[in-house]
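To start, the structure itself, in structure tokens.
The values are calculated or read from the model by the stated rules, or taken from the named source; none is laboratory data. Being a predicted model, the structure only gives us computed values, none of them experimental. Backbone-built Cβ (ideal geometry, glycine too); neighbour counts: all protein chains shown. Protein only, heavy atoms only, side chains kept; ligands, DNA and RNA dropped before computing areas. Shrake-Rupley method; radii C 1.70, N 1.55, O 1.52, S 1.80 Å.
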Amino acid sequence: MNTTILRKSILGIAGLAVAGGLAAGPLNHDTPTLDTRPVAATVQADKPAVDKDKLIPHGVQGEQSHIDLNDEQTGNAKAIIAATKKAGMDERAAVVSIATSLQESKLENLGHLGDRNDHDSQGLFQQRPSSGWGTVEQITDPEYATLAFLKGLKQVDGWHDMPLTKAAQTVQVSAYPDHYAQWEQQAADLVTQHWNN
């Protein structure tokens, strides 16, 4: 192999490694060295990539909304993903769950909001103790709330083949059934980002 092509290949792979955060420590700018041995690309075989076609099988419906998430909201998205895995459900179930929570609470674990409360709705999914979702302590626990939502989703025949908003609405019975659809892309992006973490 031509030495120039080999050197460019090695430099390209090294550049990708640094850009991807794979460098093992600070770069030493004083004594640059180049290992000219062939380098194999690093692949995380134990963590397969998320199949993005399965996340939004019907395509998004309508205009999509997006909000910037703080650490607490991101943590709640991760908790929903962890609970989805615990329930033995797939990435699509996590997308439906996160989109539902984005609509219901913007991924905030809300307590009772007084006059601004919709009846006794609380938590990530705005579940109601009076409707049998669980106690206030339970529905404000992200894992419990997600598992309760997923239990309802599992009971919806054909939920996997439904548009997201219909699947979510069948579980939630919201006064605004079409509003879940606007969060599908952001929910899919969060699942793509955090499913294998």
Selection from segment 43-56 of residues at pLDDT below 80 and surrounded by 11 or more Cβ atoms within 10 Å (Cβ to Cβ) yields Val50, Asp51, Lys52
Per-region count, segment 79-99, residues open to solvent by 60 Å² or more (accessible area, probe 1.4 Å), in a loop (DSSP other than H, G, I, E, B) and in contact (Cβ under 8 Å) with a residue 24 or more places away in the chain: 0
Scan of segment 160-176 for residues that are within 19 Å of Gly123 (Cα to Cα) and assigned to a helix (DSSP H, G or I), ordered by number: Ala168, Gln169, Thr170, Val171, Gln172
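Identify, from the list Leu153, Leu147, Leu164, Leu102, the residue that is open to solvent by 10 Å² or more (accessible area, probe 1.4 Å) and aliphatic (A, V, I, L, M). Can you show your working first?
Working: Leu153 fails: open to solvent by 10 Å² or more (accessible area, probe 1.4 Å); Leu164 fails: open to solvent by 10 Å² or more (accessible area, probe 1.4 Å); Leu102 fails: open to solvent by 10 Å² or more (accessible area, probe 1.4 Å).
Going through Leu153, Leu147, Leu164, Leu102 in turn, just one is open to solvent by 10 Å² or more (accessible area, probe 1.4 Å) and aliphatic (A, V, I, L, M): Leu147.
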Name the single residue that is farthest from Gly123 (Cα to Cα) among those in segment 64-78 being of a type outside the set (D, E, K, R) and open to solvent by 30 Å² or more (accessible area, probe 1.4 Å). Gln64
Residue count for segment 144-197, restricted to those that are closer than 11 Å to Ser97 by Cα and of a type in the set (Phe, Trp, Tyr): 3
